[in-house]
Each structure stands twice: as structure tokens, then as C-alpha cells.
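See below for the structure under consideration.
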Amino acid sequence: MPSLRARAINRFLRLSTKRLWRPGLDIQQVRGHTARMDARLGRGATPIAMEQVEIAGVPATWFGAPELERRGTLLYLHGGAWCLHLPGIYRRLVTALSQQTGMRVLLPDYRLAPEHPFPAGIDDCFAVYRWLAEHGYAERPFALAGDSAGGNLSLVTLMRARDALLPLPDCAVLLSPATDLTVSGPSQRYNAKADPIFSPAAVELLPDVYCPGQDRGNPRLSPLFGNWNGLPPLLFHAGSTEMLLDDSVRAYDRAVQAGVEAEIEVWVGLPHVFHVFSLMPESRSGVRAVAGFIARHGERRRESVAEAAVPAVVLDETVTYPAF
């Protein structure tokens, strides 16, 4: 059963956000609401070193001191339905991830729709990934993570990186990823009332803002229908009452069918990307679980590098025969 705080937050979200979605809503109204939500929930992040940079032409922010790069790098792609950014909320989340993993975290500010519709966002994320891979970041522990739309972008980026023969990360974490823009998952219907954040009106609005006139079955829009072969280990987190629950469940199934090492955790009664609601004890548990998954695979990388560094034993093949 969800904690008391989780149930209180679900009620708050149901009254404040789920009621927002109605026919005729436009994206500027959604942005106004999320800006107020960000101001409320993004306060009080633990201080951490931050550096504003531009990577491959994309504005981005590093979280954590530069020396943390020795421990590894986490590339985090934020959610927000491809058209929103909540800087305060994500500052809190990636700060927690940096502290829990000991890694430096990079948060790109990729272009948003409707001003920059598909494929601008996926091109920015892939450009940042390619830059990191080409500048040696993948030679140390390296992970990729994203939530919601950022989970979608993470999977698309992984598939593009594999196809471009770039080094892949040690692992990737997908938090309530949107993997199917055709909205064919059964949970879109059976969780329509139970979801404390979204309603069918949201599903009608947001993809049209991101990719108007596009074939939503395109794997670069719906990675569920892409090629899952050869991807790194994956961790999926989702809440049991989400409309997007089956986006995670079916993606996990596709990964396993393709022979990819994958894990999924469905958290009972928790909202979409519950990790950002830091007041909930489940949020802190979820972040620890993510950090633990990344740490395990980073350690696997260190062990494989150490094994490769052990010099091979060269045997003396000279054979001396006794004299008779």
C-alpha cells in the first residue's frame, strides 16, 4: 500500500493536475500550470556544484564537481511531454542521483515543441550523446537515464547510437517512459480514471504538439516498435495506476525477447515518475534503487577493465631435450 504521504500527493495531483486536462486546452496553459508546480515542488534542493555549458550546440548543465567524472558520467534526459521543462524539479532529482551514484550528471536542455517539433528533440539528445562518446566519457562508467518523454528520448538515443556503432552505456534507466505514441497499450484505458495525473485529454493533446502529422508508429517516435537487439542492461520503473504502465511493461517484454538484460519494478499506487516527488518515502527508495542499478553496472565495467589490464602470461615455448 502507498505511504500516507504518497496518498496525499496522489490526492493533490488529482485535484490540481488531472482536472487541468480538458478539450480545448492549449500548451501555453499547460506550461503555466507546470511552472507553478515547478516553483512549489522544486524548492529546497541540496546545494551542488553546477556548470552551464554548451555541448554539440545544445545548452546543458553539469551537476557535481568535475572530479566526479573519474567515478563516471550519467546523461539524464528530462521528461515533460517533449514540450515542457521543470528546472527546479529536475535540479532536485539529478542532484539526488549525483549524490547517490557519486557520478557527475549532465542534463541537456534539448529543444522543445511546439516551437521545435520532432525530430529536433531527438537530434539534440543524440548530438549530446555522440559528443560524450567521442570525447572519452564512455571509456569510464557511463549511464543513460530519462523519465516520461525523456525515457522515450533515451531509448531512441540508444537505438541510434547502436546503429551508428557508437559505444553504448553500461546501462540505462527508464522511469515511466512513453514508448508508444500510438496509444495502443491497454493501461491507457483501464487506468484512465485511476491515474492521478493524466486523462485521455492529455493523450490527445501532447503527441499532437510534439509530432503533428507524423506516423506515430515510427520507431523514432514509438521506440516500442524499434529494434531492441544489442541494447545495454535496462531498468524500468512505473506506477501501477499510470495510464502509461503498459508502455513500460511491453517495452520490458520486447527487451527480454531480444535477449537484452532487463528488469522492471512496478510500484503499487504511485504516480507517473514518482521519483520527482521527494516528500514521499517511495521517491527516495526509487532513487536509491536507480543508483544501485547504475552502481552495479558501473562496477561490472571496472571489473572488466581491470581484467583486461592484467598482462597475459607468456610461456617460454623453447623446449630443451636431454642429451643421451
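The values are calculated or read from the model by the stated rules, or taken from the named source; none is laboratory data. Being a predicted model, the structure only gives us computed values, none of them experimental. Because the Cβ atoms are built from the backbone with ideal geometry, glycine has one as well, and the counts that use them run over all protein chains shown. Just the protein is used for accessible areas: all its heavy atoms, side chains included, with ligands, DNA and RNA removed. Shrake-Rupley method; radii C 1.70, N 1.55, O 1.52, S 1.80 Å.
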For LEU174, LEU244, the accessible-area ranking with a 1.4 Å probe, largest leading, is LEU244, LEU174
Nearest 10, in degrees from 0 to 90: the angle of helix 200-210 to the longest Cα principal axis of the chain is 60 degrees
Computed ³J(HN,Hα) along the range 117-124: with the Karplus parameters 6.51/-1.76/1.60, θ = phi - 60°, integer Hz and x for glycine or proline, the list is x, 3, x, 4, x, 5, 5, 5
Taking only C-alpha positions in the range 97-186, Rg and Dmax in angstrom work out to 13.6, 42
Descending accessible area (1.4 Å probe), largest on the left, turns ASP253, ASP163, ASP124 into ASP163, ASP253, ASP124
For the range 128-142, Karplus-derived ³J(HN,Hα) couplings (6.51, -1.76, 1.60; θ = phi - 60°; whole Hz; x for glycine and proline) come out as 5, 4, 4, 4, 4, 5, 7, 10, x, 5, 6, 7, 10, x, 8
Inter-part gap, Cα centre of the range 221-285 to Cα centre of the range 87-103, in whole angstrom, is 19 Å
Rh (Kirkwood, all Cα-Cα pairs) for the range 48-146, Å, reads 13.6 Å
Once all protein chains are kept in place, ILE197 shows an accessible area at probe 1.4 Å, nearest 10 Å², of 20 Å²
Length gained, LYS193-ALA56, 0.36 nm per residue minus C-alpha separation, equals 45.1 nm
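Taking a ≥ b ≥ c as the square roots of the Cα gyration tensor eigenvalues, with a/c under 1.5 meaning rounded and otherwise prolate when a/b beats b/c, else oblate, which class fits the range 1-81?
Oblate, since a/c reaches 1.5 and b/c is not below a/b.
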Length-normalised contact order of the chain, Cα under 8 Å, at least 6 apart, in percent, tallies to 19 percent
Expressed in angstrom and rounded, the centroid-to-centroid distance over alpha carbons for the range 168-207 and the range 1-22 is 17 Å
The size of the Cβ-based charge dipole (Lys, Arg +1; Asp, Glu -1) of the range 259-306 about the Cα centre, to the nearest 20 debye, is 200 debye
Rounded to the nearest 10 Å², the accessible area of HIS135 using a 1.4 Å probe with every protein chain kept is 100 Å²
Counting sequence-distant residues (5 or more places) and residues on other chains, those with an amide H built under 5 Å from that of ILE264 are PHE236
Karplus ³J(HN,Hα) for the range 99-104 (6.51 cos²θ - 1.76 cosθ + 1.60, θ = phi - 60°; Hz, whole; x = Gly/Pro) runs 5, 6, 8, x, 9, 7
Of the accessible area of the chain, computed with a 1.4 Å probe and all protein chains kept, carbon and sulfur make up a percent value of 56 percent
Taking Cα pairs closer than 8 Å and at least 6 residues apart, the relative contact order of the range 100-161 in percent is 31 percent
Toy charge model, Lys and Arg Cβ at +1, Asp and Glu Cβ at -1: the range 90-148 dipole around Cα centroid in debye, rounded to 20, equals 280 debye
Given unit charges at Cβ for Lys, Arg (+) and Asp, Glu (-), the dipole magnitude of the chain about its Cα centre in debye, nearest 20, is 1500 debye
Long-range alpha-carbon pairs in the range 84-237, meaning those over 19 Å apart, account in percent for 56 percent
So, over other residues within a Cβ distance under 12 Å of LEU4, counting Lys, Arg +1 and Asp, Glu -1, the net charge is +2
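Extension gain LEU15-VAL260, at 0.36 nm per residue separation less the Cα-Cα distance, in nm?
84.2 nm
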tail above 26 Å in the computed P(r) of the chain, as % of all Cα-Cα pairs, reads 45 percent
As a percent rounded to 5, the proportion of antiparallel DSSP bridges among beta bridges in the chain is 30 percent
